[in-house]
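Undergrad: Take a look at the following structure, please.
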Amino acid sequence: ASRRVHCTRPKAMAAAAAEAAGAAARRANPRLSANPWCEPWWYGAPEAARAHYYTEAHVAFRDKVRAFVDDKVIPFVDEWDEAGDVPESLRREAYAAGIYGATWPAEHGGTPPPGFDAFHDLIWVDELARCGAGGVLWSVFFSFGISLPPVLAQGSQRLKEMCARPVISGEKVMSLAVSEPWAGSDVAGLRTTAELTPCGKYYKVNGEKKWITSGIKASFFTTAVRTAGAGIGGVSLLLITADTPGVSVRRMKTQGWWASNTAYVTFDDAMVPVENLIGKENEGFKYVMHNFNHERFVLAASTNRYSRVCLEEAINWARRRKTFGRAHIEHQVIRHKL
């Protein structure tokens, strides 16, 4: 046992030294939290301690996104949540700052940082989630991240030109319309139908979609429909514009995410051109499943940051709040909880 302790001691000492250096660097940067565990481990760490995952380019990108969130989002999130909406100008302002289009290809109007990789994507999600308001995040920044990828991956050039650039630039809003009153994650159980008309030029769409984030503001819906029999083999994806006759949208009152513009969308004999089919007919299920992978990544990364925000708030409050003549954080029972 003593030999094992002796062997691991240098590594432990090196890790402690790196953490101490990182904590000192975080204290020196007013935009970083000096509280323990409230920032990712590599924030403030010297370059040598960041392994090969995070470079100076990642640090610069993090600082850029953090400054935007600190100055343009966090001061207003409570007001926006209470109002149940976010100013349209925020999307365009974020695009001009190189934030809104940062995770999208330049060929479609994106503004990715040099050497963009999955770690930039992680930083982007993590830093935006610092605002702590899921409705604002999904309404403005994340919603088109789950609705546009199927078009870019499987859609025709015509569909890409129709929606990619205006959505990435923040001029228009796009939503994913999969969930229904009776089928959420159970995509194979959806009931919205798309029947090919006798002339072969249109799909006649009928059905309902529920909990559609950003649906109130959306110009485009990436919509899962049933084009054949039951099960996964009968699902297709259509790009449906909000101004299509037969498409109606109404606001849903939600328990949280007040600024998410969540909608209930109804299709009543909506005639959608066959050219709006995304990919191949009856192969939409696998497109949706593939699309869910990145959505789950976003959910994991953002909720991890929400946890840090909660801890940050708790520590700061424990330092301010006083009982029995001293700050909460000086009481052992509070320190144990933290």
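The values are calculated or read from the model by the stated rules, or taken from the named source; none is laboratory data. All values reported here derive from a predicted model rather than from experimental measurement. Glycine also receives a Cβ, built like all others from the backbone with ideal geometry; neighbour counts cover every protein chain displayed.
Undergrad: Tell me which of these ILE240 doesn't satisfy, since it passes every other one: (1) in the same structural domain as HIS328 (by TED's automatic domain parsing); (2) under 15 Å from THR193 (Cα atoms).
TA: The number of the failed condition is (1).
Undergrad: Within the stretch 311-335, how many residues are within 24 Å of LEU32 (Cα to Cα) and free of Cβ contacts under 8 Å to residues at least 12 places away in the same chain?
TA: 9
Undergrad: Here's another thing I want to ask about it. For the structure I just gave you, tell me whether ARG250 is under 21 Å from GLY134 (Cα atoms) and either assigned by TED's automatic domain parsing to the domain that holds GLU208 or crowded, with 21+ Cβ neighbours inside 10 Å (or both).
TA: yes
Undergrad: Of all residues in the stretch 1-59 being surrounded by 10 or more Cβ atoms within 10 Å (Cβ to Cβ), in a helix (DSSP H, G or I) and of a type in the set (D, E, K, R), which is modelled with the lowest pLDDT?
TA: GLU19
Undergrad: Regarding LYS204, is this residue buried (at least 17 other Cβ atoms within 10 Å of the Cβ) and outside any helix (DSSP H, G or I)?
TA: No.
Undergrad: Keeping to the stretch 184-211, report how many residues are among the aromatic types (Phe, Trp, Tyr) and farther than 17 Å from ALA263 by Cα. Quick ask: steps written out before the conclusion?
TA: As a first pass, look at the stretch 184-211 and keep what is among the aromatic types (Phe, Trp, Tyr): 202-203, 211.
Filter once more, so that each one left must be farther than 17 Å from ALA263 by Cα: 202-203.
Going through the stretch 184-211 one residue at a time, the tally reaches 2.
Undergrad: Applying the selection to the stretch 207-240, what residues are at positive phi and part of a strand (DSSP E or B)?
TA: Passing the criteria: GLY207, TRP211.
Undergrad: Output the residues belonging to the stretch 283-338 that are outside any helix (DSSP H, G or I) and closer than 30 Å to LEU190 by Cα.
TA: GLU283
Undergrad: From the list THR193, THR213, pick out the single residue that is hydroxyl-bearing (Ser, Thr, Tyr) and closer than 19 Å to SER143 by Cβ.
TA: Checking each option against the conditions leaves just THR213.
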